[in-house]
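One structure below.
The values are calculated or read from the model by the stated rules, or taken from the named source; none is laboratory data. As the structure is a computational prediction, the values presented were derived from the model and not from experiment. Reconstructed Cβ throughout: ideal geometry from the backbone, glycine too, with neighbour counts over all protein chains shown. Note: areas computed on protein heavy atoms with side chains; ligands, DNA, RNA excluded. Shrake-Rupley method; radii C 1.70, N 1.55, O 1.52, S 1.80 Å.
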Amino acid sequence: MNTEASSRLLDRVHKLLAKAEDESVTPPEAQALTAKAAELMAKYGIDRALLAADRPETDRPTSKMIDIDNPWARVKAHLLCGLGSALRCQCILLSGARPGTRIHVFGYASDIERTDVLYASVLIQMWHGLAGAQVPAWSRSPRAWRRSWLLGFAAAVIARVRAAEQHAEQAASAEPDGDSSRAALVLADRSLVIRQNVADAYPHTRKARVTYTGNGYGAGYAQGKRADIGTGRVGRGRTRALSSGR
């Protein structure tokens, strides 16, 4: 696949999800459109990786510094890092005195682009879902309930994106008209490059855990299973949810 064909594939994703976001579309129709869009988004990632294996100039490893503001900065960071990991990026959370959270995202340019696109869309859906969620009367801490709801939503979306990516990798490895192991080898090589870049930039890291005490996780997870996992918003002039740090 060449760069023009790859761009057409991503354009199909945008059009499918633009339809899925239309208020006149029923929930089952929106879910079907979204599922197809997620499948194409994952295929786009594989195609870009295979193209870059032959033409490295089309997709090079890079990084991007992201500032995430409050409120709920750590929850949003959890969502971003989870999506980035599912899309073959690696994220480093940086501690500092500034409010909010700063994240350094490492990946190939196309995978950082996909992470940006998905995060921007899912974040908007997450806020809409939280606004419509009813905190149970028995909840002793509405804030804790909402935080657990957000984490449940994020977990569901991340799991769906990861499943779509794994399915695309398996499909690429099973292609009858080529080396069945090529896709796996290309992706493994890209993963090694990114891990090395992270290790060079941050030799000493530790894993971060996100905990919660509220009881809204299940409700958030159920809502996240119905969320769009792509976006038709890119290119419509709306505010981006990711901003490059200075």
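Distance between the 7 Å Cα→Cβ label points at Arg140 and Thr62: 4.9 nm. What residues qualify as long-range amide H neighbours of Ile68, i.e. H under 5 Å apart, gap of 5 or more or another chain, H built at 1.01 Å from N? Answer set, sorted by chain and number: Thr101, Arg102, Ile103. Spacing of the modelled spin labels on Lys36 and Gln170, each 7 Å from Cα toward Cβ, amounts to 2.2 nm. Residues whose amide H comes within less than 5 Å of that of Asp59, counting only those at least five positions distant or on another chain, are absent (H built at 1.01 Å from N in the peptide plane). For Ala131 and Ser95, a Förster radius of 41 Å and the Cβ-Cβ distance give a FRET efficiency of 0.85, rounded to the nearest 0.05.
If the chain linking Ser181 and His204 were pulled fully straight, counting 0.36 nm for each residue of separation and taking away their Cα-Cα distance, it would gain 5.0 nm.
With R₀ set to 25 Å, the beta-carbon distance separating Ser191 from Asp69 gives a calculated FRET efficiency near 0.25.
For region 97-113, list residues with backbone N below 19 Å from a point placed 7 Å from the Cα of Asp54 toward its Cβ? Answer for region 97-113: 110. For region 50-114, the solvent-accessible area works out to 41 Å² per residue, with a probe of 1.4 Å and every protein chain left in place.
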